[in-house]
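Report on the structure given below.
The values are calculated or read from the model by the stated rules, or taken from the named source; none is laboratory data. Please read all numbers here as calculations on a predicted model, not as lab measurements. Using ideal geometry, Cβ is built from the backbone for each residue, glycine included, and neighbour counts are taken over all protein chains shown.
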Amino acid sequence: MILCFSFLGLGAQPVGFGGFQMPKVDVHCSEKFADIDYAGDGEVFHRMDIYLPQVEKDIYPVVVHIYGSAWYSNNSKGMADLGTIVNALLDAGYAVVCPNHRSSQDARFPAQIQDIKGVIRFVRAHAPDYRFDPSFVAVSGFSSGGHLASLAATSGHVPELEGEVGGNLAFSSAVDAACDWSGPVDLNYMSCGREQDTWNHAPEEAVMGFPFQGNEIRFKVLDATSYIDPFDPPVILFHGTADPVVPCCQAPHFYGLLQDAGVESELHLVEGGGHGMNMYSAETLGAMTAFLDRIHHAGRP
């Protein structure tokens, strides 16, 4: 725990950090498919785990949940909030897909979002193999995973970010809903609008491959906020008011822009919540599943 807090003081986060969860978690699933290679290249950063709910059905709506690591980890799917977010989703009847993705040491952006889009296309292309309902595929993520989830939501029709990871290009990578837990969605707004930017931009500089200062405009391609339009899917946002890693202003800023564009969205600020700590309560997890249920049922014919 002391090591984790030392990371927090540096404005980064330890690999796979998601609320100090233990590696061995009782996941509430009836079946697990481990280490599925969604890109077909044999790389560890292109593997994912699939969990099916304990209540068995013919098909399940799907949520792709992405771990947080400040984009530094390529193999943290086993620490992707399994005991909290993932179990809540499984208990609510959602199949959950937890993918790895390329880290900032493996490849520069947009490789990371191209991996996630490859996962989403894989889910739709292989729906019969895993009893997925391809008509409802949502995305969720914590911290940098929240960034990728939000970016997947707002960039559903941006060719420059699509890539060809895993193929399946006849299938859409657009998502039906998104859940952002403490994500840095506007890297140009990490100082919360203050005139002087004092933020440590090391993680985003690593994933982009060049300094932030003097390249602020070039960094906008990384921002989920850059791609907002009225056709984006519904988004729910959670952020702790005492988050020492990702400034709490990120969620209200994103929410305001979504509202201005007419995108259905919800904002949940957790008083005293940190970066993962004290964030995963019955209230917040219930708000997430209720939001997804409402969007899912509203989309049914």
Self-check item: Qualifying positions in the range 262-294 - out of contact with any His (no Cβ under 8 Å at 6 or more places or on another chain), closer than 21 Å to residue 61 by Cα and crowded, with 18+ Cβ neighbours inside 10 Å
Solution: 265, 285, 288, 289, 291, 292
Quiz prompt | Which listed residue, of 153, 149, is crowded, with 21+ Cβ neighbours inside 10 Å, of a type in the set (A, V, I, L, M, F, W, C) and either in contact with a Ser or Thr (Cβ under 7 Å, 6 or more places away or on another chain) or on the phi > 0 side of the Ramachandran plot (or both) | solution = 149
Exercise. Return yes or no: is residue 110 free of Cβ contacts under 8 Å to residues at least 12 places away in the same chain and more than 17 Å from residue 37 (Cβ to Cβ)?
Key: no
Quiz prompt | Residue match in the range 216-233 (condition: surrounded by fewer than 22 Cβ atoms within 10 Å (Cβ to Cβ) and either touching a strand residue (DSSP E or B) at 6+ places or on another chain (Cβ under 7 Å) or within 22 Å of residue 125 (Cβ to Cβ) (or both)) | solution = yes
Quiz item: Are any residues in the range 97-131 part of a helix (DSSP H, G or I) and of a type in the set (A, V, I, L, M, F, W, C), and if so, which ones?
Solution: 111, 113, 116, 119, 120, 122, 123, 125, 127
Quiz item: Restricting attention to the range 255-288, which residues are out of contact with any helix residue (DSSP H, G or I) (no Cβ under 6 Å at 6 or more places or on another chain) and in a helix (DSSP H, G or I)?
Solution: 255, 256, 258, 259, 260, 282, 283, 284, 286, 287, 288
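Just for strands (runs of 3 or more DSSP E) wholly inside the range 23-94: which have at least 2 residues that are among the β-branched types (Val, Ile, Thr) and touching a residue at least 12 places away in the same chain (Cβ under 8 Å)?
Because the criterion is at least 2 residues that are among the β-branched types (Val, Ile, Thr) and touching a residue at least 12 places away in the same chain (Cβ under 8 Å), the strands (runs of 3 or more DSSP E) in the range 23-94 that meet it are 60-66.
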Quiz item: For the range 132-164, what are the residues that are in contact with a strand residue (DSSP E or B) (Cβ under 6 Å, 6 or more places away or on another chain) and not in a helix (DSSP H, G or I)?
Solution: 132, 133, 136, 137, 138, 139, 140, 141, 142
Quiz item: Is there a residue in the range 219-241 that is in contact with a Gly (Cβ under 7 Å, 6 or more places away or on another chain) and over 27 Å from residue 172 (Cβ atoms)?
Solution: yes
Quiz item: So, of the residues in the range 248-268 that are touching a residue at least 24 places away in the same chain (Cβ under 8 Å) and out of contact with any Phe, Trp or Tyr (no Cβ under 8 Å at 6 or more places or on another chain), which turns out to be farthest from residue 230 (Cα to Cα)?
Solution: 254
Quiz item: What number of residues in the range 81-125 are at pLDDT 95 or above and on the phi > 0 side of the Ramachandran plot?
Solution: 1
